[in-house]
Amino acid sequence: MLTRSFRLVWLGQVLSQGGTRLYQIALLWWLLEQLPASSRGLAAGAFLVVGVLPSLTLAGYIGRVISRVPSRTVMLRAEAVAFLAVSSLLLVSDPPVWSVYVVGLVLATCQAFFDPTLMKALPELVSPADVPRAVSYGSSTQPVANFAGAAFGAVLLASVGFSGAIAVNALTYLVSVVCLLLARFGSAGGAPGERGTWAVLDMVPGLKPVLLVFAGVNFFSTPTALVLPLYTKSVLGAGAGSLALLESAVWLGLIVGALVAPRIPVRGSVTSFGAVCVAMFGVFLAVPGVIVSLPVYVVALVLSGFCLGVCNVKFMTLFQQAVPDAVKGRFFAALTAVLSITFPLAYLSFGVFGDLLGAQVLVLAQGAGLVALGAVLARLKAPALV
């Protein structure tokens with residue numbers, strides 16, 4: 001049974017990430033409304049790039065910090081700084097655009113510390129037998145948060161204004177701080193050792209090729225956050241309500257996939273199983289490139305999210321089992337950085353090509369790339385357990 005402390009940490013993180021996603025969606029939609037059609041894709045892509053820079057550029061430092069500083073301390077500091085950063089926007093009645101970008105960079109930095117620390121801390125919050133279930137819930141944190149943010153974020157600007165979104169986000173960070181103060185962390189055991197953040201990837205045979213494939217998966221999948229508003233506005237000719245529905249469909253699929261993943265048996269190797277998931281994810285993601293229909297798009301996004309959610313849990317569980325506790329902090333920092341490497345290139349390139357080629361071509365390109373990566377993953381061996 002999952003402990004009270006784990007449930008507190010999980011609830012706090014769902015709320016804080018949900019508040020941040022709600023704020024981001026409101027801001028992104030506002031940007032699309034303000035900018036001319038010829039530059040929407042590039043400008044939106046540049047905005048999203050800000051959110052991935054810290055985990056990419058600070059990976060080595062983050063790995064060292066979370067390996068030596070207690071998990072609870074790192075997480076508390078990250079949420080407290082995020083609360084202060086968001087609250088600062090409330091001090092100005094009409095904050096300039098540049099200040100919003102600066103705050104976005106601070107929030108991304110805090111999240112870059114929090115995410116790998118949370119994965120490292122799972123053995124400190126639950127018993128070894130409950131780690132697979134904890135991974136399932138941990139992997140669903142972002143989907144649940146994004147589902148809640150998508151359900152309300154796209155319409156929040158029209159109802160309570162941008163200042164309302166800021167206030168809600170600040171409140172969610174404060175609640176997360178309280179949850180962390182109430183939680184109790186155990187000890188995962190093991191000294192941090194002297195290996196560098198990137199060197200820990202060499203400890204587990206077969207790990208690097210798998211991570212590189214998933215970096216490629218991220219390249220084709222994460223621009224969905226950019227493609228959805230472009231497709232909604234330019235192809236469907238719909239508004240914020242339809243965008244909220246499509247965003248919710250993605251995250252609903254991810255939530256269901258993550259939560260049911262522990263009950264789905266794996267026949268053969270994890271890489272073979274994951275290859276099927278990645279390929280099906282790509283097939284479903286490409287459907288709206290052929291069929292222009294809001295209901296069809298909703299169903300396709302739910303199914304694609306389900307495939308990705310199952311795949312994520314299976315591989316994160318494998319990583320928890322394969323990586324020694326003593327280097328988990330460095331490993332998850334390196335993992336976050338590897339998966340973030342393609343984010344800036346993906347957002348900017350998909351943004352530019354979205355302006356030139358249109359959103360329908362983008363979803364077809366996403367699907368084709370993911371199917372190809374599924375074929376590559378099927379040929380790899382699963383990382384060895386140590």
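Details
- Selection of first residues in region 232-255 that are free of Cβ contacts under 8 Å to residues at least 40 places away in the same chain and of second residues that are hydroxyl-bearing (Ser, Thr, Tyr) and part of a helix (DSSP H, G or I), restricted to Cβ pairs under 8 Å at least 6 apart or on distinct chains, gives the following pairs, ordered by first then second residue: Thr232/Ser242; Gly239/Thr232.
- Matching residues in region 314-361 - criterion: being more than 30 Å from Thr117 (Cβ to Cβ), of a type in the set (S, T, N, Q) and at pLDDT below 80: Ser349
- Enumerated helices (runs of 4 or more DSSP H) restricted to region 59-143, each holding at least 1 residues that are farther than 18 Å from Ser5 by Cβ and at pLDDT below 75: 97-125
- If only residues of region 48-105 that are more than 23 Å from Val175 (Cβ to Cβ) and charged (D, E, K, R) are counted, the one that is surrounded by the most Cβ atoms within 10 Å (Cβ to Cβ) is Arg64.
- Candidates Pro265, Pro209, Pro205, Pro192 - the one that is outside any helix (DSSP H, G or I), at pLDDT 85 or above and not hydroxyl-bearing (Ser, Thr, Tyr): Pro265
The values are calculated or read from the model by the stated rules, or taken from the named source; none is laboratory data. Bear in mind that the values here come from a model prediction, so they are computed numbers and not experimental data. We place every Cβ from the backbone using ideal geometry, glycine too, and count neighbours over all the protein chains shown.
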